[in-house]
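Here's the structure we're looking at; comments come further down.
The values are calculated or read from the model by the stated rules, or taken from the named source; none is laboratory data. These numbers were taken from a predicted model, which means no experiment stands behind them. We place every Cβ from the backbone using ideal geometry, glycine too, and count neighbours over all the protein chains shown.
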Amino acid sequence: MADRWGPPVGADRDPTLCGAFLHAINAVGLISGVLVRRLFTYNVLSLLQRCVEQVHQEQKPPPEVSSYHLALHIRSGYEGMLIALPPEQWRSYDGDPTGLAERLLQLARNIDPRQVATSKRGPKIAAPKEYVDSAVARAHVSTARVLAQARTRP
């Protein structure tokens, strides 16, 4: 009896088929890992966004925090902290979600909301359309005629 989960059909004739199949499986694993990391990063940024908005909500109007500007703000300070602070200074919040929430809100108070605010784009200014006669707009101009006229004009 043949093995039910044996190599794909034609693999005995084409050894690259098995290799391509294995690479496809590895690619799926890589893509799913990347997607999970991006989803995790998005969730962390959203949490930090809400912390900044929560702490600074008494301002009028309450700030709208941009995830892009917040990520730039974090990235600009993170590398310096890695260099300046020894590993013993980094705290872990493994089992205490309330302690983590309090610490995140405390850190969010130090962020200037104007530095991470969304940039509102102004309204588009509609350019007035110039009038063109419909006969001119629909007129067909032959390239040969244009080139012939260009040759005759000095």
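When you check LEU105 against the structure, is it out of contact with any His (no Cβ under 7 Å at 6 or more places or on another chain), touching a residue at least 24 places away in the same chain (Cβ under 8 Å) and either basic (Lys, Arg) or closer than 22 Å to LEU47 by Cα (or both), yes or no?
Spelling it out, LEU105 is indeed out of contact with any His (no Cβ under 7 Å at 6 or more places or on another chain), touching a residue at least 24 places away in the same chain (Cβ under 8 Å) and either basic (Lys, Arg) or closer than 22 Å to LEU47 by Cα (or both).
Regarding SER119, is this residue polar (S, T, N, Q) and either surrounded by 10 or more Cβ atoms within 10 Å (Cβ to Cβ) or without any contact (Cβ under 8 Å) to a residue 24 or more places away in the chain (or both)? Give the derivation first.
Details: polar (S, T, N, Q): yes; either surrounded by 10 or more Cβ atoms within 10 Å (Cβ to Cβ) or without any contact (Cβ under 8 Å) to a residue 24 or more places away in the chain (or both): no.
No, not satisfied.
Only one of ALA20, ALA27, ALA11 is in contact with a Cys (Cβ under 8 Å, 6 or more places away or on another chain), among the small types (Gly, Ala, Ser) and either modelled with pLDDT of 80 or more or more than 14 Å from PRO113 (Cβ to Cβ) (or both); which?
Of the residues listed, the single one that is in contact with a Cys (Cβ under 8 Å, 6 or more places away or on another chain), among the small types (Gly, Ala, Ser) and either modelled with pLDDT of 80 or more or more than 14 Å from PRO113 (Cβ to Cβ) (or both) is ALA11.
Taking PRO97, is it surrounded by fewer than 11 Cβ atoms within 10 Å (Cβ to Cβ) and closer than 27 Å to LEU39 by Cβ?
yes
For LEU85, work out the one condition from (1) among the hydrophobic types (A, V, I, L, M, F, W, C); (2) surrounded by 13 or more Cβ atoms within 10 Å (Cβ to Cβ); (3) more than 30 Å from ARG121 (Cβ to Cβ) it doesn't fulfil.
Checking LEU85 against (1) among the hydrophobic types (A, V, I, L, M, F, W, C); (2) surrounded by 13 or more Cβ atoms within 10 Å (Cβ to Cβ); (3) more than 30 Å from ARG121 (Cβ to Cβ), the one that fails is (2).
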